[in-house]
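J.: Encoded as structure tokens, here's the structure I'll be asking about.
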Amino acid sequence: MSDILEFLKDYRVLLLIILIIGSITIISVYGIQEGLDLSGGSVVQIHLDQPVDKDTMSKVTTVLDKRLNTLGVSDVKVRGSGNQDVIVEIAGVKPEDVAHVVGTPGKFEAKIENKTVFTGTDIVSVKPYQVTGTTGDVPFVLTLEAAKKFAQAAKGKPNIPVDMYLDDKLISSPTVVPALAQGIPQTDVDISIPASSKESAIKQVKDTSAFLESGSLPVKVEIVGVKSVSADLGDQFEKGALIAGLLAIFMVSLVVFIRYKTPILVLPIIFTTIAELILILGTASLIHWNIDLPAIAGILAAIGTGVDDQIIITDEVLKKDKSIQQKKNRKRKKSGLNIRIKDAFFIIFASAATLIAAMLPLAYYGFSRGYTGIGMLSAFAFTTILGVLIGIFITRPVYAKFIEKFL
């Protein structure tokens, strides 16, 4: 009993217990963010018509992010890939709807007698749209300078149409109100969009509102690839991943039991494996890292290397060394045991360093170039590295302490 209490008081054991409790709490509060492979959705690859600098790429991704968020999408990620591609990941939206929103330049112009009086860059804010019958209205606010220019162009021209174009397509032609005809600036402007049905009106005003609020894209874009994953297929992936994880733990347990044939060694290895899984998922939940199929593969790889490391520790301790066995002095026996554990950790650190070195280029490529092609394996590399670091600095030392104390 005293040995157990002494073991539990060790700072490494206390740290592991605290982190496990913390991880479970984080997972219960934030949940585990599922990638598109599990939750369903679309990945859209967009190609710009020319290479751009970082500032222009930032504007492109900002505009696209605003557009998609104005559609009420809860899970959307937009990021640049190199200097001429953008990757959009979005859950719960049809690919064709995403393609329409992100593939439209969104250049807005208002003209009187074919002369531009204000553009999308003059819009300060867009108010909530309204739909009455089959007609939609999108109110917005202009800058004071644009409102003055607008009023000057409309002065003395009552009831003249103001033609409003989106990507050179006429979408509305409201008439000049009396105040504008008198040259009085009006910052509040309204676009009225008639449609054939209420559903069509809702779609048109929603899209127009998104384009006005986000602004126009600074370069022309082309959608070159769309990958879609249905929610049903995502459920199948999720169930398959869960079954694969349980089978992996079972097979690891079976192999360890066949090798050592004693619960005092098998159970700690299984516990350490489960602890590593909880810590990995807790960290992913904390940093809002999506768990998709490559990430699950990385978790399984990390768990596999963890079991290998525990076997190395166990084998090193179980080695029969006659010179130590013949020693009667307990301190010398403990010294020999510490040397064995240090030798095991030398092998573990060397193996971990090699694995991390192999994974870093893959992770870097994915983060810098985008989540397409081989870049999709960045999730595999990241979770593998995360699992290995958790193992060598948190769980492996606790397992070694257990072996040192009770074996």
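The values are calculated or read from the model by the stated rules, or taken from the named source; none is laboratory data. Note that this is a predicted model, so its numbers are computed, not measured. Heads up, the Cβs are rebuilt from the backbone with ideal geometry, glycines too, and the neighbour counts pull from every protein chain shown.
J.: Is there a residue being loosely packed, with under 12 Cβ neighbours inside 10 Å and farther than 30 Å from residue 387 by Cβ anywhere in region 30-38?
T.: Within region 30-38, none of the residues are loosely packed, with under 12 Cβ neighbours inside 10 Å and farther than 30 Å from residue 387 by Cβ.
J.: Residue 289 fails exactly one of the following numbered conditions: (1) surrounded by fewer than 21 Cβ atoms within 10 Å (Cβ to Cβ); (2) assigned to a helix (DSSP H, G or I); (3) modelled with pLDDT of 75 or more. What is the number of that condition?
T.: Condition not satisfied by residue 289: (2).
J.: Additional query: Count, please, the residues in region 183-216 that happen to be farther than 16 Å from residue 117 by Cβ and among the acidic types (Asp, Glu).
T.: So the count comes out to 3.
Matching residues to (1) in the same structural domain as residue 383 (by TED's automatic domain parsing); (2) in contact with a strand residue (DSSP E or B) (Cβ under 8 Å, 6 or more places away or on another chain):
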residue: 184; (1), (2): no, no
residue: 198; (1), (2): no, yes
residue: 201; (1), (2): no, yes
residue: 208; (1), (2): no, yes
residue: 225; (1), (2): no, yes
residue: 247; (1), (2): yes, no
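J.: Something else now. Looking only at residues that are hydroxyl-bearing (Ser, Thr, Tyr) and surrounded by fewer than 22 Cβ atoms within 10 Å (Cβ to Cβ) in region 196-221, which one is nearest to the chain's Cα centre (by Cα)?
T.: 214
J.: What number goes with the only condition from (1) modelled with pLDDT of 80 or more; (2) assigned to a strand (DSSP E or B); (3) surrounded by 12 or more Cβ atoms within 10 Å (Cβ to Cβ) that residue 224 does not pass?
T.: (3)
J.: Pairs, please: C-beta under 8 Å, at least 6 apart or cross-chain, first residue modelled with pLDDT of 65 or more and in region 85-96, second among the aromatic types (Phe, Trp, Tyr)?
T.: Between residues of region 85-96 that are modelled with pLDDT of 65 or more and residues that are among the aromatic types (Phe, Trp, Tyr), the close pairs are 87/371; 89/371.
J.: Restricting the first residue to region 49-68 and requiring it to be without any contact (Cβ under 8 Å) to a residue 40 or more places away in the chain, which pairs with a second residue that is assigned to a loop (DSSP other than H, G, I, E, B) and not basic (Lys, Arg) meet a Cβ separation below 7 Å and a spacing of at least six or different chains?
T.: Listed pairs, sorted by first residue: 51/83; 51/84; 57/83.
J.: Restricting attention to region 168-189, which residues are surrounded by fewer than 14 Cβ atoms within 10 Å (Cβ to Cβ) and closer than 27 Å to residue 69 by Cβ?
T.: Residues satisfying the conditions are 168, 169, 188.
J.: Now, a different point. Any chance you could count how many residues in region 154-176 are farther than 19 Å from residue 195 by Cβ and in contact with a Lys or Arg (Cβ under 7 Å, 6 or more places away or on another chain)?
T.: Matching residues across region 154-176 total 1.
J.: Quick one: what pairs do we get from region 113-138, first residue in the same structural domain as residue 202 (by TED's automatic domain parsing), second of a type in the set (Val, Ile, Thr) and part of a loop (DSSP other than H, G, I, E, B), C-beta under 6 Å, 6+ apart or different chains?
T.: Here the result reads 122/143; 124/143, each pair linking region 113-138 to a residue that is of a type in the set (Val, Ile, Thr) and part of a loop (DSSP other than H, G, I, E, B).
J.: So which of 146, 110, 151 ends up being in contact with a Pro (Cβ under 7 Å, 6 or more places away or on another chain) and either in a helix (DSSP H, G or I) or modelled with pLDDT of 85 or more (or both)?
T.: Among 146, 110, 151, only 151 is in contact with a Pro (Cβ under 7 Å, 6 or more places away or on another chain) and either in a helix (DSSP H, G or I) or modelled with pLDDT of 85 or more (or both).
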